[in-house]
Amino acid sequence: MIKTTFLAVISHWRYRPIQLITLVTGIALATALWSGVQAINSEARASYARAASVLEQANLQQLITGDQQGIPVETYASLRQAGWKVSPVIEGTVRLGGKRIRLIGVDPLTMPQSNDAPLVKDASDLAEFIRAPGVILMSAETAAQLTDVQGLRIKLSPSVPEDAAFVDISVADRLLQRKGKVSRFVIAPDQSPSLPPIGKISPDLSIRAGGNGTDVSSLTDSFHLNLTAFGFLAFVVGLFIAYSAIGVTFSQRRGTFRTLRSLGVSLKSLTAILILELTVLALIAGSIGVAIGYVIASFLLPGVAATLQGLYGASVVGTLSFRAEWWLAGLAMALLGTAVASAQSIRQLWNMPILASAQARSLATGAERSLRVQAVLGLLLLSLAVLLTWVQGGLVTAFGILAALLLGAALMLPAVLAYTLGRAERWARKPIPRWFWADTRLQLPGLSLALMALLLALSANIGVGTMVSSFRTTFIGWLDQRLAAELYVTARTEEEAERLRAWLPSRVNTVLPIWSVDGDVLGKPVQIFGVADDATYRENWPVITGGDDVWDKIASGKGALVNEQMWRREGLKVGDRIALPGNFSVDVVGVYSDFGNPVGQVLVGLGAFGQHYPNAAKLRYGLRVQTSELDRVRSALIDDFGLPADAIVDQATLKRQSRAIFDQTFAVTGALNALTLAVAAFAMFSTLLALAASRLPQLAPLWAMGVRRRKLARLEVIRSVALWAATYFVSIPVGLALAWVLLAIVNVEAFGWRLPLMIFPIDWIYLGLAALGAALVSVYYPVRLLSKVAPAELLKVFTNER
Amino acid sequence: MSANRLGLAVILFLCASHLEGHAQGFAGLGTTAEGFSVPRKGVPLEFPRDHGAHPDYRIEWWYVTANLKDASGQDYGAQWTLFRSALSPQTVQGWSDPQIWLGHAAVTTKNQHYFGERLARGGVGQAGVTLQPFRAWVDEWGMQGTGAPDADPLQNLKVKAQADLFSYDLSLSAKGPLVRQGDRGYSVKSANGQASFYYSQPYYTVEGEIVLEGKPVTVTGKAWMDREWSSQPLAADQTGWDWFSLHLASGEKLMAFRLRDSGNGYSSANWVSVNGESTSLSGDEVIIEPKQTTKVGDRTIPTVWRVRIPSKSLDVVTHPLNSRSWMGTTTPYWEGPITFEGSTSGEGYLEMTGY
Amino acid sequence: MILSMSAVTKSYQTAEGCLSILQGIDLDILAGETVALTGESGSGKSTLLHLAGGLDIVDTGTIVAHGVNITRFGEAERAEYRRTQAGLIFQQYNLIPSLTVKANLHFHAQLADRYDASWSDSLSAGLGLQGLLDRYPDQLSGGQQQRVAIGRTLAARPPLVLADEPTGNLDEATGDAVLEIMVSLCKAAGSSLLMVTHSTRLAAKLDRTITLKSGRILS
């Protein structure tokens, strides 16, 4: 019996293949976008984890020191002789052949064994690694960018993260000039039971717990939260499709359900069969979705990798591996989504009497009630959003605001539209317009989900678009200020830098040293720059707060400028005193914006910088040159001085590169935006298609009264476009609110900088046109069906015989 | 005992840890050592200087094996070894020191064989050998001179090691003189003339404590130390070795080894009298034959041997305390205490590599 | 002469082949005449009504309404014809669910540009719909709905009212009452009525009865 019933139930799809396609597409799209984003996220996270475990053996405990200089080698001997199994690491950033890479010097003899990334496979590897000149182990990508490896033999290993390399500790000691001082120790997991406490051996050392997230993962969390939010948005939009498709198929099969029940199929077994059917469909659609998600992810991942690299300096492998966890998660999401989307239909089935059919209006009356509930709920959510902006605190709250704002606006939308349509209906005098408005209002409950999806997509587009454009405009303005020098040169060695310092002054207007050291300030790593007292800075530097005498105070060596992210993160105030490494305390005298930089920055006077950090690399210089002299100076630097061409970068190139990085950074956002809009358009399409069948009885009386099919079709088009347009107009304020939240709250929490909100109405027009196009596309096929409907089909509405 | 351990130490660093046939490693040794000093005949050993490291030679070790008994008469074996292997013939302070150090320690009982291994680089204090006072160490493992300042530094020693399931702390006291092996310390390892510097202290008495899986045992017994260094000790076709150090009931000592190769092999022995007089015995005077094998993992290892030296009327059969005295270290080998019976009886140590 | 059909044939393409429905119909309806159309199921009653109403096209033959040959009409002219010349009342799905009773009542008249407030008011009075004007169709009973449908058609004063079993869904008493109103209002409006019905009892209430059998009129 079950089999017969099941076949009867699924026979529906043979007659309505389009509905089947719609349903499967809906679930598949929802799953695809969700799992695509998840794939990107999990790949990136796996990358960090791999990088962390490879680079730092982060799963193991570490011994670290507060001492800037490192840990003396004698401490190592004491620890080992006391029985502590610790392995030394000397690490740092080094410039090799014009490229900065993270150099990790390890001791393969004592390094705890790691299964995922064996540094040396066997004893001959070991001997080669240790024996001078030594081996440098890195990925092929990194190796391809290096022109000079100081005589080290390059060995390739795909498990080494990009822009990092492993060398023997002796090589790192030599290249980083550490004089034997150790950066940190890795503590092997298998220690003897009775060891003397570390503090007794060396009080300067402290144990850092293993397994905790690295800096990079906490930094990039916000970015991933961003992506996840987008993925979820797309998932919700996809669910709307599935929801409406399931609703339609259920309502169209009511007759079948009634017949089956009157033939003695129990409600329970009917429900079970339907759930089975939906589960099978969800699994099929989910599998398709995961596969599509994989494709999406593999297209987007390089962009994401570029973003993460550009924004946070986090290295992510640009290739995707198929992971069982998101494959399963994708299917689970498909099942969950289908369950959510079908819950209402199943519930209706349970409440459906065996006889009697529901009429459009009575459904509409129920819908009107739920419209009011929705509107109240939406209003509450919007109020919550406003309330949360007052509270503030943390990225999660920021995303809470976003969610409340979007969901609230979406819930309010049908009520707003219904109210507007009601006004229009009352205002209309002629019968056709009046019918048009009234009928549109009647369609609203059926269309409202698709419209809500559309609102979400459009608002996200406007919001994110406004955010990106505001950011871009601000960023480019900032670049102009920040990159004031016409040429930037980098010496290869200190000796060359010294010659450069002597050579340059007679040939350029001004030489601006760009010298920096890395150090911990307020417990976090920051870059400390020394700046010359020069008009270039006074006139151009993008200072946000600070008095007129900022530069005088900097020049005096007593003041410091900090970047915005450090200022916000540490809650600094102008006038606060901060301690820099090397017993150097300065007053914060101002704040400047510093986009695209994950770490804090402190600017101090060049004189003071030189005094406190005499060993800082003095390799980089900004040069002020007359524009007309630019080419002459450059060729002189190359031909007369002998600097390689790639050591000289001009302002225009730098700006171009920065812009390219910026645009690439937000390419992913753009792609997700477009995808979300496409999904929303599909939601509308499938809804209209589903409604088209039920439209005939509503349109036939008009036709019988002498309204032409063509006119009816035209009205259908106008209706869709009108609804899209209304939704689009609602989406503008919602989108702007979204942009404001992104710029003023999310950005501050995620990146540490606040951006001014700028309005780009031209973009709205483009979006409006895109939306109009999508509306026309989505309505085209259903309306064409309608305008071509045979009179016989319309007649069938009125009669059961011929 | 020379060739065996020389080869072992070098293989540890130059060959794959999973290398089964050692021919490759030997081929590496057969080449002339660039820059390394080579042992020459007639150069006299000098103490205490030669107790210390010789960084200009490629390889070197301080090797102690002890046959021990507890109060109830149970037998134990203990091993403490520090190998030195130079990547180049020099030593420098700091991380770039080319001297690599390797510690092996083991305790053998009738049923168990415990071992541990430590690797270290020189130049940073993690491992090394000092003379005044004498100390050889890697991590917390150590062999330290405890005698009077004017006595030979190796006269009295404290030897310590620990690993996952065992530790020991032994006091060694020499009851006889140092013994120069071969020709006054110049020990030939092949017919082609490969050789090493080699001396021993076979007269130690031992007392101390072994802790096995948390349970301390007080032990006493005999120990034997080997000191050897070289740069070019083996012939190209030699595949492994079987080496014996025997404490005879008479108080005499015998060191004998057999180097296996594609032909008949190369055997050699040294007979040491009760008062330390050493007699070098040539290959045809020493007959070493496997009698019985044991499967250890997938390897077949001869663990019962017959050793004959007709000129000394010696004909004994050796039995291991534990036939599974397998050192599963970076380069694995068999090393454990043995007893022997026949024309005389006694105890000693057996080491076998290349199986 | 309001409607004159001569030698009208109509067939439909079905899965089983060409199904001939009407096989030469000749029919004249005079102004103000009420005519019942009866016959067995499948005899072609509804098809005849649809052809007369300009909802469908004849295969052969001609239909002349008010002296105009409507068989030559294109889609637009047929729509115009339905709007102004013929009023259709069906068994179900007559009303526009999104509009109130009042808007439904006025709808056709406004479409045909013949809206007359006093006529409409008298119609709603005559149909007993005054209290229901602000309701929506789904808030009405079947009889009420059908009365609204009749009112909507008559409000436009079409010369010809075509009704397809307008009381088929109603119980006998309600059906009789609705029919009486419809006939009397048709008379009052001066419209002719062609009504399909199964019931000879109802047919007897009209001026004359035409019976169809297998696509032909029984004389």
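The values are calculated or read from the model by the stated rules, or taken from the named source; none is laboratory data. As the structure is a computational prediction, the values presented were derived from the model and not from experiment. Here Cβ is always computed from backbone atoms with ideal geometry, including for glycine, and neighbour counts include all displayed protein chains.
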Segment C:120-146, subset among the hydrophobic types (A, V, I, L, M, F, W, C) and surrounded by fewer than 16 Cβ atoms within 10 Å (Cβ to Cβ), residue modelled with the highest pLDDT: C:Leu133
If you take just the strands (runs of 3 or more DSSP E) that sit entirely in segment B:142-220, which of them hold at least 1 residues that are at pLDDT below 90 and more than 24 Å from B:Met327 (Cα to Cα)? B:186-188, B:195-212
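Okay, residues lined up against (1) under 27 Å from A:Pro72 (Cα atoms); (2) hydroxyl-bearing (Ser, Thr, Tyr); (3) in a strand (DSSP E or B); (4) within 12 Å of another protein chain (Cβ to nearest Cβ):
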site: A:Ala144; (1), (2), (3), (4): no, no, no, no
site: A:Pro161; (1), (2), (3), (4): no, no, no, no
site: A:Phe166; (1), (2), (3), (4): yes, no, yes, no
site: A:Val171; (1), (2), (3), (4): yes, no, no, yes
site: A:Arg174; (1), (2), (3), (4): yes, no, no, yes
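For residues in segment C:38-79 being part of a helix (DSSP H, G or I) and either surrounded by fewer than 17 Cβ atoms within 10 Å (Cβ to Cβ) or more than 13 Å from chain A (Cβ to nearest Cβ) (or both), which is modelled with the lowest pLDDT? Give the steps one after another, and end with the answer.
To start, the set of residues in segment C:38-79 that are part of a helix (DSSP H, G or I) comprises C:45-52, C:70-72, C:75-79.
Checking the rest, the ones that are also either surrounded by fewer than 17 Cβ atoms within 10 Å (Cβ to Cβ) or more than 13 Å from chain A (Cβ to nearest Cβ) (or both) come to C:71-72, C:75-77.
Working: C:Thr71: 88, C:Arg72: 84, C:Glu75: 80, C:Ala76: 83, C:Glu77: 87.
Only one residue tops the list, namely C:Glu75.
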So C:Ser118 fits all but one of (1) part of a helix (DSSP H, G or I); (2) more than 9 Å from chain A (Cβ to nearest Cβ); (3) under 19 Å from the mean Cα position of the chain (by Cα); what number is the exception? (3)
Return the pairs, sorted by first residue and then second, in which the second residue is not in a helix (DSSP H, G or I), the first residue lies in segment C:142-154 and is hydroxyl-bearing (Ser, Thr, Tyr), the beta carbons are less than 6 Å apart, and the residues are 6+ apart or on different chains. C:Thr153/C:Gly87; C:Thr153/C:Ile89; C:Thr153/C:Val161
Among the residues of segment A:351-394, which ones are surrounded by 11 or more Cβ atoms within 10 Å (Cβ to Cβ), more than 14 Å from chain C (Cβ to nearest Cβ), closer than 21 Å to A:Ile246 by Cβ and at pLDDT below 80? A:Met352, A:Ser370
Restricting the search to segment A:495-506, which residues are outside any helix (DSSP H, G or I) and out of contact with any Phe, Trp or Tyr (no Cβ under 9 Å at 6 or more places or on another chain)? A:Pro505, A:Ser506
Residue that is surrounded by the most Cβ atoms within 10 Å (Cβ to Cβ), among those in segment A:560-609 that are β-branched (Val, Ile, Thr) and more than 15 Å from A:Gln527 (Cβ to Cβ): A:Val589
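Each row is one residue, and each column tells you yes or no for (1) closer than 21 Å to B:Gly348 by Cα; (2) surrounded by fewer than 16 Cβ atoms within 10 Å (Cβ to Cβ); (3) free of Cβ contacts under 8 Å to residues at least 24 places away in the same chain.
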site: B:Asp164; (1), (2), (3): no, yes, no
site: B:Ala174; (1), (2), (3): yes, no, no
site: B:Asp183; (1), (2), (3): no, yes, no
site: B:Lys222; (1), (2), (3): yes, no, no
site: B:Ser230; (1), (2), (3): no, no, no
Selection within segment B:104-154 - among the aromatic types (Phe, Trp, Tyr) and more than 21 Å from A:Ala188 (Cα to Cα): B:Phe134
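Going through segment A:1-25 one residue at a time, which ones are part of a helix (DSSP H, G or I) and farther than 15 Å from A:Leu281 by Cα?
Just the residues of segment A:1-25 that are part of a helix (DSSP H, G or I), to begin with: A:2-15, A:17-25.
Of everything in segment A:1-25, those that are part of a helix (DSSP H, G or I) and farther than 15 Å from A:Leu281 by Cα turn out to be A:Ile2, A:Lys3, A:Thr4, A:Thr5, A:Ala8, A:Tyr15.
Taking the stated definitions as given, is C:Gln91 touching a Phe, Trp or Tyr at 6+ places or on another chain (Cβ under 9 Å), crowded, with 18+ Cβ neighbours inside 10 Å and facing chain A (nearest Cβ under 8 Å)? Show your work before the answer.
Numbers: touching a Phe, Trp or Tyr at 6+ places or on another chain (Cβ under 9 Å): yes; crowded, with 18+ Cβ neighbours inside 10 Å: yes; facing chain A (nearest Cβ under 8 Å): yes.
So C:Gln91 fits the description; yes.
Looking at the structure I just gave you, is A:Ala713 surrounded by 21 or more Cβ atoms within 10 Å (Cβ to Cβ) and within 14 Å of chain C (Cβ to nearest Cβ)? Can you show your working first?
On the way: surrounded by 21 or more Cβ atoms within 10 Å (Cβ to Cβ): no; within 14 Å of chain C (Cβ to nearest Cβ): yes.
Against the criterion (surrounded by 21 or more Cβ atoms within 10 Å (Cβ to Cβ) and within 14 Å of chain C (Cβ to nearest Cβ)), A:Ala713 does not qualify.
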Residue check, C:Ala103 against (1) aliphatic (A, V, I, L, M); (2) under 17 Å from the mean Cα position of the chain (by Cα); (3) facing chain A (nearest Cβ under 9 Å); (4) within 13 Å of C:Arg152 (Cβ to Cβ), all met but one. Which one? (2)
Where B:Gly73 falls short, out of the listed (1) within 13 Å of chain A (Cβ to nearest Cβ); (2) on the phi > 0 side of the Ramachandran plot: (1)
Scan segment B:117-137 residue by residue and report those that are on the phi < 0 side of the Ramachandran plot and either polar (S, T, N, Q) or more than 9 Å from chain A (Cβ to nearest Cβ) (or both). B:Glu117, B:Gly122, B:Gln126, B:Val129, B:Thr130, B:Leu131, B:Gln132, B:Pro133, B:Phe134, B:Arg135, B:Ala136
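Starting from residues that are part of a loop (DSSP other than H, G, I, E, B) and modelled with pLDDT under 85, keep the ones in segment A:436-494 and report whichever is surrounded by the most Cβ atoms within 10 Å (Cβ to Cβ). Steps first, please.
As a first pass, look at segment A:436-494 and keep what is part of a loop (DSSP other than H, G, I, E, B): A:483-486, A:491-493.
Remaining after also requiring modelled with pLDDT under 85: A:483-485, A:491-493.
Working: A:Leu483: 18, A:Ala484: 17, A:Ala485: 24, A:Ala491: 20, A:Arg492: 15, A:Thr493: 11.
Looking at the filtered set, the residue picked out is A:Ala485.
Please tell me if B:Tyr114 is out of contact with any Lys or Arg (no Cβ under 9 Å at 6 or more places or on another chain) and away from every other protein chain (no Cβ under 11 Å). Step through it out loud before you land on a result.
Working: out of contact with any Lys or Arg (no Cβ under 9 Å at 6 or more places or on another chain): yes; away from every other protein chain (no Cβ under 11 Å): yes.
For B:Tyr114, the condition - out of contact with any Lys or Arg (no Cβ under 9 Å at 6 or more places or on another chain) and away from every other protein chain (no Cβ under 11 Å) - is met.
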Any residue at all in segment A:409-430 that is of a type in the set (Phe, Trp, Tyr) and surrounded by fewer than 19 Cβ atoms within 10 Å (Cβ to Cβ)? yes
